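Notes follow the structure.
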Amino acid sequence: MATVTAILDFLFGCHHVQLSRVFTIQGETYKVCCDCGAKFAYSLDTMSIKRRLPLTPVPTKFRVA
Ligand SMILES: [Zn+2]
C-alpha cells in the first residue's frame, strides 16, 4: 500500500522541488519542503536526503515577547 501511495503522491502530489536549508533541531537533521511542509531526514555524512519523515503538526505558537 505504501507503494501505491508513493506513486499517487508522485503523480498528483508535491514534487518537493523547493526544499529548505538543512536544519538540526533536537539532534535531528532534516530539510523541509517549502511547498507542502514534508520533512526529509538528512545525512550530514553523505550530504544527501535519507528518507521522508512522517508529517508532524507544525508548532504554531510563536510568541513575540
Ligand atoms: Zn513538497
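The values are calculated or read from the model by the stated rules, or taken from the named source; none is laboratory data. Fair warning: this is a prediction, and the values are worked out from it, not measured in the lab. Glycine gets a Cβ as well: all are built from the backbone with ideal geometry, and neighbour counts include every protein chain shown.
Within the stretch 40-55, being of a type outside the set (A, V, I, L, M) and either over 16 Å from ALA2 (Cβ atoms) or surrounded by 12 or more Cβ atoms within 10 Å (Cβ to Cβ) (or both) holds for PHE40, TYR42, SER43, ASP45, THR46, SER48, LYS50, ARG52. Take GLY37 and tell me if it is on the phi > 0 side of the Ramachandran plot and either touching a Pro at 6+ places or on another chain (Cβ under 8 Å) or surrounded by 11 or more Cβ atoms within 10 Å (Cβ to Cβ) (or both). Spelling it out, GLY37 is indeed on the phi > 0 side of the Ramachandran plot and either touching a Pro at 6+ places or on another chain (Cβ under 8 Å) or surrounded by 11 or more Cβ atoms within 10 Å (Cβ to Cβ) (or both).
If you go through the stretch 15-48 and keep only what is charged (D, E, K, R) and within 8 Å of the ligand (Cβ to nearest atom), you end up with just ASP35. Inside the stretch 46-65, residues that are under 22 Å from HIS16 (Cα atoms), modelled with pLDDT of 70 or more and not polar (S, T, N, Q) make up a count of 8. Give all pairs with beta carbons closer than 6 Å in which a residue from the stretch 1-26 that is at pLDDT 80 or above meets a residue that is acidic (Asp, Glu); count only pairs at least 6 apart in sequence or on separate chains. Once the first residue is at pLDDT 80 or above and sits in the stretch 1-26, its partners that are acidic (Asp, Glu) give CYS14/ASP35; GLN18/ASP35. If you go through the stretch 1-14 and keep only what is within 15 Å of the ligand (Cβ to nearest atom) and within 18 Å of PRO54 (Cβ to Cβ), you end up with THR5, ALA6, LEU8, ASP9, PHE10, GLY13, CYS14.
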